[in-house]
There are 4 protein chains.
Amino acid sequence: MSQPFIKKEKIRFKHIDYAGIVFYPRFLEMLNDLVEDWFEEALKRPFSKMHETNGIPTVDLKIQFKNAARIGETLTKKLWVKELKSSSIVCGFQFVNQNEQTVLEGEVTLVNVKIQEDRQSIKAEAFNEEMKVKISSFII
Amino acid sequence: MSQPFIKKEKIRFKHIDYAGIVFYPRFLEMLNDLVEDWFEEALKRPFSKMHETNGIPTVDLKIQFKNAARIGETLTKKLWVKELKSSSIVCGFQFVNQNEQTVLEGEVTLVNVKIQEDRQSIKAEAFNEEMKVKISSFII
Amino acid sequence: MSQPFIKKEKIRFKHIDYAGIVFYPRFLEMLNDLVEDWFEEALKRPFSKMHETNGIPTVDLKIQFKNAARIGETLTKKLWVKELKSSSIVCGFQFVNQNEQTVLEGEVTLVNVKIQEDRQSIKAEAFNEEMKVKISSFII
Amino acid sequence: MSQPFIKKEKIRFKHIDYAGIVFYPRFLEMLNDLVEDWFEEALKRPFSKMHETNGIPTVDLKIQFKNAARIGETLTKKLWVKELKSSSIVCGFQFVNQNEQTVLEGEVTLVNVKIQEDRQSIKAEAFNEEMKVKISSFII
């Protein structure tokens with residue numbers, strides 16, 4: 001049975017705003033970190049190797065912010081695959097706090113791209129079979 | 001006839017990633033700046049006055065990234081009101097580049113809240129009539 | 001014998017710029033995280049408790065950037081005390097990469113302050129004896 | 001007689017922390033923006049053109065934070081040249097608020113570099129004569 005990819009992240013001083021809660025663009029950095037960890041740890045395709053020639057830009061994002069997060073809290077970040085297409089993935093995600101409350105949840109679409117030689121343009125590229133198998137193991 | 005609220009922003013070195021395009025959490029900072037400018041310049045409710053006691057946290061966000069943005073480009077950021085409820089606003093937004101291409105577009109829901117005296121909790125609060133009139137002038 | 005306070009941090013996609021190296025303001029976020037961890041883990045004064053009424057703003061910073069840091073590298077961040085005054089601390093710091101090269105090093109002065117009731121002004125405040133003892137254990 | 005290069009920047013919600021004052025790594029982003037504007041507007045060497053093949057990384061930074069800056073304030077940012085060497089510049093800088101108070105001041109050393117073809121290494125490169133003349137006009 002499939003499991004989501006899971007990481008923990010602690011809310012820090014740099015994340016919070018004047019109201020004492022996470023400034024929401026910082027949540028998107030946390031989401032990007034989660035995708036980065038998933039590619040490196042689970043899919044064995046680290047960004048440090050990939051970004052010379054390839055990338056997985058975000059093309060669509062839907063997010064609902066359900067509960068505020070405060071400094072000192074540790075969030076559990078979950079990511080899973082809702083749909084795998086030939087050159088893109090629709091992922092679901094959810095951040096939960098220590099009281100099992102949902103802080104946020106949503107859906108993000110990533111596209112597999114090849115960076116052209118001039119570094120000025122990018123082009124969608126189909127995932128290879130090996131990647132498809134790895135990604136599929138996170139379909140829930 | 002209603003007009004969107006419009007501001008321009010130049011893409012800078014701090015916004016871009018290794019692929020030379022804007023790192024998408026930076027777009028959300030640009031969106032937050034746009035909302036901040038709208039509240040200050042058009043709604044006459046500057047964040048610098050408001051955030052001691054009130055706030056307008058983002059509770060829902062949908063965004064499609066259509067075209068990459070690169071350093072040196074100047075984006076035109078547009079914001080308008082799609083729906084005004086008693087204590088929340090659904091805004092549409094669009095960022096367009098100098099070639100009239102849509103860089104991104106989407107929808108964001110903001111809730112009017114009162115920060116409680118202990119600064120530990122917040123509560124939705126209805127917009128007053130004056131604010132409703134001002135906000136309504138941006139309904140498209 | 002005294003030891004520096006040590007934490008590790010991995011360079012991520014969000015830290016790097018178009019040249020593929022860490023954008024230097026991100027290093028200051030990493031330094032702030034290090035001070036935050038030191039206060040929480042070693043001095044037992046977590047920012048999550050402290051920042052309602054107190055703070056330790058940075059008043060002076062000197063930093064030399066010696067070697068670039070790239071995505072995927074893990075830096076060892078070291079912090080120690082060079083001088084403890086009645087209401088301020090001069091800390092030394094050094095970030096080292098996996099090849100034992102110094103990425104950056106410098107000196108930061110933190111002041112212990114009390115936030116006034118109106119939240120509009122701050123005032124330096126002497127460290128209490130307990131804090132002085134804890135801080136002193138990091139003097140090198 | 002020489003003049004500093006001057007730009008204004010407004011403090012925004014994204015810059016401030018829980019204490020209601022600018023989180024200091026954000027000041028370094030503002031400083032980087034100032035250097036970027038100076039290169040583009042005064043030295044006619046925009047980062048958007050330069051960063052394919054060249055860069056001006058920061059190698060040394062000294063900064064004193066004198067007064068807090070709060071949301072809604074507009075800072076005047078000043079930059080000038082203290083010393084021009086063959087492949088590096090020592091710049092002085094000062095941020096002043098609307099009450100003529102110094103918010104911060106310091107000194108930053110920038111090195112002119114050439115990015116090697118593999119994009120994995122950089123090398124210091126002497127400024128050409130044209131750049132030297134332009135830079136020299138900001139020596140104070």
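The values are calculated or read from the model by the stated rules, or taken from the named source; none is laboratory data. Keep in mind the model is a prediction, meaning the values are calculated, not measured. Cβ: placed from backbone, ideal geometry, glycine included. Neighbour counts: every protein chain shown.
So which residues in segment A:43-74 are in contact with a helix residue (DSSP H, G or I) (Cβ under 9 Å, 6 or more places away or on another chain) and farther than 22 Å from A:Ala124 by Cα? Residues satisfying the conditions are A:Ile63, A:Phe65, A:Ala69, A:Arg70, A:Ile71, A:Gly72, A:Glu73.
I'm checking my understanding of the structure. Among residues of segment B:81-94 that are without any contact (Cβ under 8 Å) to a residue 40 or more places away in the chain and within 14 Å of another protein chain (Cβ to nearest Cβ), which one is farthest from the chain's Cα centre (by Cα)? The selected residue is B:Ser88. Per the conditions (1) among the basic types (Lys, Arg); (2) farther than 30 Å from C:Gln116 by Cβ; (3) in a strand (DSSP E or B), the sole criterion not satisfied by D:Lys8 is (2). The requirement of being at pLDDT 95 or above and aliphatic (A, V, I, L, M) is fulfilled somewhere in segment C:97-107, by at least one residue. Just so you know, in segment D:51-67 the residues that are buried (at least 19 other Cβ atoms within 10 Å of the Cβ) and modelled with pLDDT under 90 include one that is nearest to the chain's Cα centre (by Cα), and it is D:Gly55. Evaluating D:Glu83 against the criteria (1) surrounded by fewer than 18 Cβ atoms within 10 Å (Cβ to Cβ); (2) in contact with a helix residue (DSSP H, G or I) (Cβ under 7 Å, 6 or more places away or on another chain) leaves one unmet condition, (2). Looking only at residues in segment C:65-80 that are among the aliphatic types (A, V, I, L, M) and in contact (Cβ under 8 Å) with a residue 60 or more places away in the chain, the one that is nearest to D:Phe65 (Cα to Cα) is C:Leu79. Scanning segment A:35-65 for residues that are touching a Phe, Trp or Tyr at 6+ places or on another chain (Cβ under 9 Å) and over 16 Å from A:Asn112 (Cβ atoms) gives A:Asp37, A:Glu41, A:Ser48, A:Leu61, A:Ile63, A:Phe65. In segment D:71-80, of all residues being within 13 Å of chain B (Cβ to nearest Cβ) and at pLDDT 95 or above, the one that is farthest from B:Gly72 (Cα to Cα) corresponds to D:Glu73. The selection criterion, being buried (at least 16 other Cβ atoms within 10 Å of the Cβ) and out of contact with any Asp or Glu (no Cβ under 7 Å at 6 or more places or on another chain), does not hold for D:Leu75. Pairing residues of segment A:1-14 that are under 30 Å from D:Tyr24 (Cα atoms) and modelled with pLDDT of 95 or more with residues that are surrounded by fewer than 15 Cβ atoms within 10 Å (Cβ to Cβ) and not hydrophobic (A, V, I, L, M, F, W, C), at Cβ distances under 9 Å and at least 6 apart in sequence or on separate chains, gives A:Lys7/A:Glu41; A:Lys8/A:Thr74; A:Glu9/A:Thr74; A:Lys10/A:Thr74; A:Ile11/A:Thr74. Could you run through segment D:2-40 and say how many residues are away from chain C (no Cβ under 12 Å) and at positive phi? Residues meeting the conditions: 0. For segment A:25-44, the condition of being under 10 Å from the mean Cα position of the chain (by Cα) and β-branched (Val, Ile, Thr) holds for at least one residue. Contact annotation: residue pairs with Cβ atoms under 7 Å, 6 or more positions apart or on different chains, pairing a residue in segment D:97-118 that is surrounded by 11 or more Cβ atoms within 10 Å (Cβ to Cβ) with a partner that is in a loop (DSSP other than H, G, I, E, B) and hydroxyl-bearing (Ser, Thr, Tyr), are D:Val111/D:Ser87; D:Asn112/D:Ser87; D:Lys114/D:Thr53; D:Ile115/D:Thr53. For beta carbons closer than 8 Å, sequence separation of 6+ or different chains, a first residue in segment B:41-64 that is within 12 Å of chain D (Cβ to nearest Cβ) and more than 21 Å from B:Lys85 (Cβ to Cβ) and a second that is part of a strand (DSSP E or B) and not aliphatic (A, V, I, L, M), the qualifying pairs are B:Glu41/B:Phe5; B:Ser48/D:Arg70.
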